[in-house]
Amino acid sequence: MRIRAERDDLADVLTRAARGVGARSPQPILQGLLCDVTGSRLAVTGTDLEMTVRTKLEVEVVEEGRTVIPARLASEAVRKLPPGAVVMSVADGEVEIVGGGPKFRFRELKVEDYPSLGEPATGGTEIEGNVLTKAVAQVGVAASGDDNRPILTGMLFENHDGKLRLVCTDSYRLGVRDLTDVEAPTEGLVPVRGLRELDRTIGADTIAVHIAEREAVFTSTRGSLTVRLIEGTFPNYRQLLPESYPNRLVIGKEALLEAIDRAALVAEDHIPVRMAMSKAGVEITVTRQDVGGETEMVEGEYTGEDLTIAFNPRYLNDGVGAVADKEIVIETTDSLKPALLKGVETEGFQYLLMPVRL
């Protein structure tokens, strides 16, 4: 195998494919990138068997062939070469990467040891790339990072009245995003870890979503991302979304984020932030016995009975930050029931947050 390509283009496809390679793997071959050169195209694959990234690049092909190269070393080596043309070749068990003078040589991994992955599914529901990645980022903040509860580490792709709904929960908060312009694909529970790689691996103007029985495939002009679905039943979240709330606070997003940030300086994750809501707005207070406290008033428009409710500061910050509007709405029932956060103007995103008992 022997190809010639521009440094930046080659570094791009290698680096994106390498995001599919796990940090640690019991199988040394999975620390490599499968490079397949046919016709005028280089196809690069990186996988940890749970997530697979495939990228492609039109190159000058001197000799076709297949090889497995060390993922981190090869991608970093190409990136550190001087600008211009790079030649990558394989001979006698070595991968040679040359460009602008410097020459790297790495031991080739055995291509016959690389797992047979099959071809990814094609077609599916097409979604604007920036719409999908932003929706994933919004909802994904509510996902759990605890691998001992795998169902809560996933994002539910659900058919809601024929349109696509994305849902995540870690049992303390719930994120829901309705994409009312997108026809729902087949339903499935997709690992959030893989979804967070969408923009950095195959981000493009349009992304096609295909959900099969055991995997979800996302494809674009830049390649494909395949992730294995999580098996199990997602919690029944619908019963947590009341149709109306008696109390409503409208407040500036940035002002509230800044206030939460100051309160978090004292609170850290384990100390709740109190929000005393009244006609004057909301008074934010945090008290920590061994340190001190912080109090401030943030203006807002409030309707309902005066109410004091407390939240985990990080969870509250995540929810406020996920709202796309400049002004947000916080709706409450009482100090013990979940509060609902959403935008004033933009519909489709809801963030439900459990309060901390005072």
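The values are calculated or read from the model by the stated rules, or taken from the named source; none is laboratory data. Note that the structure is predicted; figures quoted are calculated from it, not measured. Note that each Cβ is placed from the backbone with ideal geometry, even for glycine, and that neighbours are counted across all protein chains shown. Heads up: the accessible areas ignore ligands, DNA and RNA and are worked out on the full protein's heavy atoms, side chains in. Shrake-Rupley method; radii C 1.70, N 1.55, O 1.52, S 1.80 Å.
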With the first residue restricted to the stretch 243-269 and required to be assigned to a loop (DSSP other than H, G, I, E, B), and the second required to be open to solvent by 80 Å² or more (accessible area, probe 1.4 Å), Cβ contacts under 6 Å at 6 or more apart or on different chains are ASP269/ARG314
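Quickly run through the stretch 180-190 and pick out the residues that are buried (at least 17 other Cβ atoms within 10 Å of the Cβ) and in a strand (DSSP E or B).
VAL182, GLY188, LEU189, VAL190, listed by residue number.
Would the stretch 320-332 turn up any residue that is in a strand (DSSP E or B), under 19 Å from ASP261 (Cα atoms), open to solvent by 10 Å² or more (accessible area, probe 1.4 Å) and touching a helix residue (DSSP H, G or I) at 6+ places or on another chain (Cβ under 7 Å)?
So the first thing to find is which residues in the stretch 320-332 are in a strand (DSSP E or B), and the list is 327-332.
With the extra rule that they be under 19 Å from ASP261 (Cα atoms), the set shrinks to 327-330.
Imposing the further condition that a residue be open to solvent by 10 Å² or more (accessible area, probe 1.4 Å) reduces the set to 327.
Now restrict to residues that are touching a helix residue (DSSP H, G or I) at 6+ places or on another chain (Cβ under 7 Å): 327.
Yes, that holds for at least one residue.
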Note down all Cβ pairs under 6 Å where the first residue falls in the stretch 92-112 and is closer than 17 Å to ALA11 by Cβ, the second is open to solvent by 50 Å² or more (accessible area, probe 1.4 Å), and they're at least six residues apart or on different chains. VAL95/GLU108; GLU96/ARG105; ILE97/PHE104; PHE106/LEU73
Among the numbered criteria (1) in contact with a Gly (Cβ under 8 Å, 6 or more places away or on another chain); (2) under 24 Å from THR333 (Cα atoms), which single criterion is violated by VAL266? (2)
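Which residues, taken from the stretch 61-88, are in a helix (DSSP H, G or I) and surrounded by 15 or more Cβ atoms within 10 Å (Cβ to Cβ)?
Looking only at the stretch 61-88, we keep the residues that are in a helix (DSSP H, G or I), and these are 71-79.
Within the stretch 61-88, ALA71, ARG72, LEU73, ALA74, SER75, GLU76, ALA77, VAL78 qualify.
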If you scan the stretch 91-119, which residues turn out to be at pLDDT 95 or above, among the aliphatic types (A, V, I, L, M) and over 34 Å from the mean Cα position of the chain (by Cα)? VAL98
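Only one of these is open to solvent by 10 Å² or more (accessible area, probe 1.4 Å) and part of a strand (DSSP E or B): MET297, MET277. Name it. Walk me through it before giving the result.
Values: MET277 fails: open to solvent by 10 Å² or more (accessible area, probe 1.4 Å).
Checking each option against the conditions leaves just MET297.
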Checked the stretch 292-325 for anything more than 18 Å from GLY281 (Cα to Cα) and over 33 Å from the mean Cα position of the chain (by Cα); matches are GLY292, GLY293
Kindly list, by first and then second residue, each pair from a residue in the stretch 341-358 that is modelled with pLDDT under 95 to a residue that is open to solvent by 60 Å² or more (accessible area, probe 1.4 Å) and basic (Lys, Arg), limited to pairs with Cβ atoms under 8 Å and residues at least 6 apart or on different chains. LEU358/ARG274
Could you identify the single residue in ARG177, ARG193 that is assigned to a strand (DSSP E or B), closer than 24 Å to GLY348 by Cα and open to solvent by 30 Å² or more (accessible area, probe 1.4 Å)? ARG177
Among the candidates VAL44, VAL13, VAL37, which residue alone is in contact with a helix residue (DSSP H, G or I) (Cβ under 6 Å, 6 or more places away or on another chain), surrounded by 18 or more Cβ atoms within 10 Å (Cβ to Cβ) and β-branched (Val, Ile, Thr)? VAL44
Considering only the stretch 333-351, state which residues are open to solvent by 40 Å² or more (accessible area, probe 1.4 Å) and aliphatic (A, V, I, L, M). LEU336, VAL344
Mind checking which residues of the stretch 138-162 are open to solvent by less than 30 Å² (accessible area, probe 1.4 Å) and either touching a Gly at 6+ places or on another chain (Cβ under 6 Å) or under 16 Å from PHE349 (Cβ atoms) (or both)? GLN138, VAL139, GLY140, ALA142, ALA143, MET155, LEU156, PHE157, GLU158
Could you check the stretch 301-329 and list, in sequence order, the residues that are over 30 Å from VAL131 (Cα atoms) and not acidic (Asp, Glu)? TYR302, THR303, GLY304, LEU307, THR308, ILE309, ALA310
